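Report on the following structure.
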Amino acid sequence: MSEFDYRDGILHAEGVAIPEIAAAVGTPFYCYSSAALTRRYLEFTGAFDGQDVMVCYSVKANSNLAVIRTLAALGSGADVVSEGELRRALAAGIPPERIVFSGVGKTRGELAFALDRGIYRINVESEPELAVIGELAAGRRVEIGIRVNPDVDAKTHEKISTGRAENKFGIDIGRARDIFARARALPGIRPVSVAVHIGSQLTDLAPMRTAFTNVAELVQALRADGNTIDSIDLGGGLGIRYDGETPPAAGAYAAMVMETAGNLGCRLIFEPGRSLVGNSGILVTSVIYEKTGEARRFVIVDAAMNDLIRPALYEAYHRVDPVMQPAPDAALSPADIVGPICETGDTFARGRDLPAVRPDDLLAFASAGAYGAVMASTYNTRLLVPEVLVNGNAFAVVRRRPGYDELLKLDSLAEWQQSV
Ligand code: LLP
């Protein structure tokens, strides 16, 4: 079932026709479905029904305030990795006691900000960070988690794999008992949780099973050492279908979690990102030109790698759907779908079967709700694209397209250039 589907031959987001939004806001734009976000959040939480579970949506996947608010209204917490994300989560209405803060390079200022707001948990990723929190904790009582690196290969794209010893994340699992002892010795600090996250877009449960089993063993050892461990944070990482993958369903994931880590009497914290928002959004673009070169057919669209960088950065696949459904007997021919940016990497897709297209025809990139708008830049002085949230038959612009003036105003001339 998809909230993005054809009705009468026209791609809709829930009850709203995509061309209607395009006419109102112009292209390109991101479009998210409230019903899809809600359904996926409830699928995830429903799989853990009756357990002591805290779901902290990983805001980095899509940090639009309206998206966070949609999940906050369902009871979601937030996983944040910067002061900016923490501010977004709070602004969207997530209470501090439902916020966890991860990241290898939290600055002293960010840590102080988080402690002042009284967030639920900071997951510490190194000894120097522990020392800084120890200083900041003076006069307070701070419960922390320690993120461990279990040295497990998550079998995903190397740029989004985080749980091998050569990755920068967490503290080697073999050193965790020592670090917990050091943390406990710091006045004001109570290490009460173990955190782990081995990578993203995982389509196989086996590596997670290994990592969670290792974490469960560690919890037993830490308790034997005299630590009070009240929770474990199992991160995010559950994959989605981009191109025929068969990622585990929430139920299978939950069963594996309960088998490996369900009998510790710990609260289970999760940080799902992509699995909640990835297939809850699309990027809509217009055809500017079509040109047929010596070797290839190019469809040049008005979105570019600065708007959706995943294909350029990870060779990621995003399905391309014509917004007007092609007739069943329409002739298809392979095309490269490219943006206007001045580099060859600005290629969304190669050799995709597409019907004939004309300028202004609309195309939609599927599965663009996660790591799409949040990774956009203004490269080539292109404006950040708007974001639209659909709810039933209604839609709202939840991030407007900025003006060129706003963008240019961020720069200024040096004082010695003013007179020129
Ligand atoms: N928790 C931690 C500590 C993380 O580092 C991440 C993602 C998550 C949770 C959420 O993971 P998810 O459920 O979304 O897999 N830009 C890349 C993905 C980077 C993921 C970074 N960390 C992409 O477009 O594929």
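The values are calculated or read from the model by the stated rules, or taken from the named source; none is laboratory data. What you are looking at is a predicted structure, and each value in this text was computed from that prediction instead of being measured. Cβ: placed from backbone, ideal geometry, glycine included. Neighbour counts: every protein chain shown. Only protein heavy atoms, including side chains, enter the accessible area calculation; ligands, DNA and RNA are left aside. Shrake-Rupley method; radii C 1.70, N 1.55, O 1.52, S 1.80 Å.
Here are VAL100, VAL81: which of them is in contact with a Cys (Cβ under 6 Å, 6 or more places away or on another chain), within 13 Å of the ligand (Cβ to nearest atom) and of a type in the set (Val, Ile, Thr)?
VAL100
Any residue in segment 361-375 that is in contact (Cβ under 8 Å) with a residue 60 or more places away in the chain, under 24 Å from VAL25 (Cα atoms) and of a type in the set (Val, Ile, Thr)?
yes
Looking only at strands (runs of 3 or more DSSP E) that fall completely inside segment 1-45, which ones have 1 or more residues that are in contact with a Ser or Thr (Cβ under 6 Å, 6 or more places away or on another chain) and at pLDDT 95 or above?
It comes to 10-13, 29-33.
For every residue, the table says whether it meets (1) within 16 Å of the ligand (Cβ to nearest atom); (2) over 21 Å from ASP52 (Cβ atoms).
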position	(1), (2)
ILE198	yes, yes
ASP204	yes, yes
LEU218	no, no
ILE232	yes, no
ARG241	yes, yes
GLY244	no, yes
MET256	yes, no
ASN263	no, no
PRO272	yes, no
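Test TYR6 against the criterion of being open to solvent by 40 Å² or more (accessible area, probe 1.4 Å) and in contact (Cβ under 8 Å) with a residue 40 or more places away in the chain, and give yes or no.
So TYR6 fits the description; yes.
So is ALA185 in contact (Cβ under 8 Å) with a residue 12 or more places away in the chain and of a type outside the set (S, T, N, Q) or not?
no
State whether the residues of segment 359-375 include one that is more than 19 Å from the chain's Cα centre (by Cα) and modelled with pLDDT under 95.
Looking for residues that are more than 19 Å from the chain's Cα centre (by Cα) and modelled with pLDDT under 95, one finds none in segment 359-375, hence no.
Just checking, which of ARG141, ARG182, ARG164 is in the same structural domain as PRO247 (by TED's automatic domain parsing), open to solvent by 10 Å² or more (accessible area, probe 1.4 Å) and within 21 Å of CYS266 (Cβ to Cβ)?
Working: ARG182 fails: within 21 Å of CYS266 (Cβ to Cβ); ARG164 fails: within 21 Å of CYS266 (Cβ to Cβ).
Going through ARG141, ARG182, ARG164 in turn, just one is in the same structural domain as PRO247 (by TED's automatic domain parsing), open to solvent by 10 Å² or more (accessible area, probe 1.4 Å) and within 21 Å of CYS266 (Cβ to Cβ): ARG141.
Restricting to segment 12-28, what's the tally of residues that are under 26 Å from the mean Cα position of the chain (by Cα), open to solvent by 20 Å² or more (accessible area, probe 1.4 Å) and touching a residue at least 12 places away in the same chain (Cβ under 8 Å)?
Residues that pass the stated criteria total 5.
Going through segment 149-160 one residue at a time, which ones are within 12 Å of the ligand (Cβ to nearest atom) and within 21 Å of ILE232 (Cβ to Cβ)?
Answer for segment 149-160, where residues must be within 12 Å of the ligand (Cβ to nearest atom) and within 21 Å of ILE232 (Cβ to Cβ): ASN149, ALA154.
Need at least 2 residues that are over 17 Å from ASP243 (Cα atoms) and either without any contact (Cβ under 8 Å) to a residue 40 or more places away in the chain or open to solvent by 10 Å² or more (accessible area, probe 1.4 Å) (or both) per element, so show me which strands (runs of 3 or more DSSP E) inside segment 279-359 make the cut, counting only ones lying wholly within it.
Correct list: 281-292, 297-301, 333-338.
Can you run down the residue pairs with Cβ atoms below 6 Å, 6 or more apart or on separate chains, where the first is in segment 190-214 and of a type in the set (D, E, K, R) and the partner is open to solvent by less than 10 Å² (accessible area, probe 1.4 Å)?
Filtered contacts from segment 190-214: ARG209/MET256.
Consider GLY244 against the criteria (1) open to solvent by 20 Å² or more (accessible area, probe 1.4 Å); (2) within 30 Å of ASP321 (Cβ to Cβ); (3) at pLDDT 95 or above: it satisfies all of them except one. Which criterion is unmet?
Of (1) open to solvent by 20 Å² or more (accessible area, probe 1.4 Å); (2) within 30 Å of ASP321 (Cβ to Cβ); (3) at pLDDT 95 or above, only one is false for GLY244: (3).
Assuming PRO272 fulfils every condition listed in (1) of a type outside the set (A, V, I, L, M, F, W, C); (2) buried (at least 21 other Cβ atoms within 10 Å of the Cβ); (3) assigned to a helix (DSSP H, G or I) apart from one, which condition is it?
Result: PRO272 fails condition (3) only.
With the requirement that a residue be hydroxyl-bearing (Ser, Thr, Tyr) and closer than 25 Å to GLY273 by Cα, what does segment 176-228 give you?
SER193, SER200, THR203, THR210, THR213
Report yes if ARG209 is among the charged types (D, E, K, R) and assigned to a helix (DSSP H, G or I), otherwise no.
yes
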